[in-house]
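Read the structure below first, then the notes.
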Amino acid sequence: MILCAGEALIDMIPNADDAYVPHVGGAVLNTAVALGRLGEDVGLITGLSSDPFGTMIADHMTASHVSTDHAVRSDRNTTLAFVHLDQGNATYTFYDADTATRNIQPADIADVPAGTKAVFFGGISLCNPPVADSLLDLALSQPADRLVMADPNIRPGFVSDQDGYRTRLTKLIGRADIVKLSDDDIEWLIPDGDLATKAQAILDMGTKMLLLTEGGDGATSYLANGTRVRVAAEKAQVVDTVGAGDTFNAGCLAALQRAGALSPAAIETLDESTITDMLSLAARAAAVTVSRAGANPPWANELE
């Protein structure tokens, strides 16, 4: 099993009449849903509210073959994210205080089941306590032979304590075997230098592999051993970018699982062919997501 840990929320997305319509979303939930649709055994550690939005999220997870067994149930409200679109590019306003996911404490999270191959962390749940600290504790507690992947999906305007956030991300990157960052993310984390210099600075924090995405300019994998592989972005008619990076994450994890390489030891010795296949699957999956409204990742048969 692959476990994803982080937020599940409701994206309020404007329709053609500029009226906001609720859609199930959240970066980490999107990754879990994409994995489920690609045929992987996946569960989600998140906060699930008893409110109608929480029911909507749980139904969406089940429909996409994502286990709800690891969710932390409560009567707190569901997080809302109002999406603002500018020529297809999305920015967000979050309403997260005192919500079902935001208030997850370390004791709320059950032990990761034996046999779990990988745990994925990311999204706004890494921004602010208490859930941010709870997830960091969970990441740092994972055994050395269980793969950890992280995608901070940085939203600087949502962070209450910038220094605390940077410290948290540095610790997470140091434990993660794979880190995915967009070009905007890495610019925020490492302001100085060209992309290659910034990438090396991330690797120097301790991760084994950095996946750097640059939107329409493609994606590059940097390994700590010096291997570098780049693939072009798949051509797509972009409707919006909601969920694109999240789907990319799922494509990478699914490809590694199919290649028998979903382990820390395997990451250190990946060959260029396996990396190319991984990035290519991720890019194809993300291209489908950007071609339709909202976070709507492809099913496996759509990529055949």
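What pairs come out if I take residues in the range 19-38 that are charged (D, E, K, R) and pair them with residues that are at pLDDT 95 or above and not in a strand (DSSP E or B) whose C-beta lies under 6 Å away, six or more apart or interchain?
Every condition considered, the pairs that remain are ARG37/SER64; ARG37/PRO297; ARG37/TRP299.
Name the single residue, out of those in the range 245-264 being touching a helix residue (DSSP H, G or I) at 6+ places or on another chain (Cβ under 6 Å) and either open to solvent by 20 Å² or more (accessible area, probe 1.4 Å) or hydroxyl-bearing (Ser, Thr, Tyr) (or both), that is nearest to MET1 (Cα to Cα).
Filtering first and then ranking leaves ALA259.
From (1) in contact with a Lys or Arg (Cβ under 9 Å, 6 or more places away or on another chain); (2) over 25 Å from ARG155 (Cβ atoms); (3) not small (Gly, Ala, Ser), pick out the condition that doesn't hold for ARG230.
(1)
I need the strands (runs of 3 or more DSSP E) fully contained in the range 42-97, keeping only those with at least 1 residues that are buried (at least 16 other Cβ atoms within 10 Å of the Cβ) and free of Cβ contacts under 8 Å to residues at least 60 places away in the same chain.
Values: elements: 42-45, 47-49, 72-74, 80-86, 89-95.
Per the criteria, 42-45, 47-49, 72-74.
Within the range 249-262, is even one residue under 22 Å from ASP86 (Cβ atoms) and not small (Gly, Ala, Ser)?
Within the range 249-262, the first condition is being under 22 Å from ASP86 (Cβ atoms), and the residues that meet it are none.
No, the range 249-262 contains no residue that is under 22 Å from ASP86 (Cβ atoms) and not small (Gly, Ala, Ser).
One line per residue, one yes/no per condition, for (1) over 18 Å from ALA118 (Cβ atoms); (2) of a type in the set (Val, Ile, Thr):
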residue: THR207; (1), (2): no, yes
residue: LEU210; (1), (2): no, no
residue: THR220; (1), (2): yes, yes
residue: THR241; (1), (2): yes, yes
residue: ASP246; (1), (2): no, no
residue: LEU262; (1), (2): no, no
residue: MET278; (1), (2): no, no
residue: ALA285; (1), (2): no, no
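Any chance you could count how many residues in the range 111-166 are farther than 22 Å from ILE186 by Cα, of a type in the set (D, E, K, R) and at pLDDT 95 or above?
4
Just for the range 265-301: of the residues that are part of a helix (DSSP H, G or I), under 30 Å from ASN15 (Cβ atoms) and of a type outside the set (A, V, I, L, M), which one is least open to solvent (accessible area, probe 1.4 Å)? Give the derivation first.
Our first condition is that a residue be part of a helix (DSSP H, G or I); within the range 265-301, this holds for 265-268, 272-290, 300-301.
Restricting the remaining residues to those that are under 30 Å from ASN15 (Cβ atoms) gives 282-290, 300-301.
Now drop any that are not of a type outside the set (A, V, I, L, M), which leaves 284, 289, 301.
Details: ARG284: 87, THR289: 0, ASN301: 106 Å².
The qualifying residue least open to solvent (accessible area, probe 1.4 Å) is THR289.
Checking the structure you have, find out if any residue of the range 5-12 is within 16 Å of ASP240 (Cα to Cα) and either modelled with pLDDT under 95 or not in a strand (DSSP E or B) (or both). Give the derivation first.
Residues of the range 5-12 that are within 16 Å of ASP240 (Cα to Cα), as a first pass: 11-12.
Filter once more, so that each one left must be either modelled with pLDDT under 95 or not in a strand (DSSP E or B) (or both): 11-12.
Yes, the range 5-12 contains at least one residue that is within 16 Å of ASP240 (Cα to Cα) and either modelled with pLDDT under 95 or not in a strand (DSSP E or B) (or both).
Is it true that ARG102 is in a strand (DSSP E or B) and charged (D, E, K, R)? First the steps, then the outcome.
Numbers: in a strand (DSSP E or B): no; charged (D, E, K, R): yes.
So ARG102 fails the test.
Taking the condition of being among the aromatic types (Phe, Trp, Tyr) and under 30 Å from ALA16 (Cα atoms), how many residues in the range 66-121 meet it? Walk me through how you get there before you give the answer.
Initial filter on the range 66-121 (among the aromatic types (Phe, Trp, Tyr)): 82, 92, 94-95, 120-121.
Now narrow it down to the ones that are under 30 Å from ALA16 (Cα atoms): 82, 92, 94-95.
Final tally of qualifying residues: 4.
Within the range 117-135, does at least one residue satisfy the condition of being open to solvent by 80 Å² or more (accessible area, probe 1.4 Å) and farther than 20 Å from LEU3 by Cβ? Outline the logic, then answer.
We begin by selecting, within the range 117-135, every residue open to solvent by 80 Å² or more (accessible area, probe 1.4 Å); these are 117.
Then keep just the ones that are farther than 20 Å from LEU3 by Cβ; that gives none.
No, the conditions are met nowhere in the range 117-135.
The values are calculated or read from the model by the stated rules, or taken from the named source; none is laboratory data. Just so it is clear, the structure is predicted and the values come from calculations on it, not from any experiment. We place every Cβ from the backbone using ideal geometry, glycine too, and count neighbours over all the protein chains shown. The area values use the complete protein model at the heavy-atom level, side chains included, leaving out ligands, DNA and RNA. Shrake-Rupley method; radii C 1.70, N 1.55, O 1.52, S 1.80 Å.
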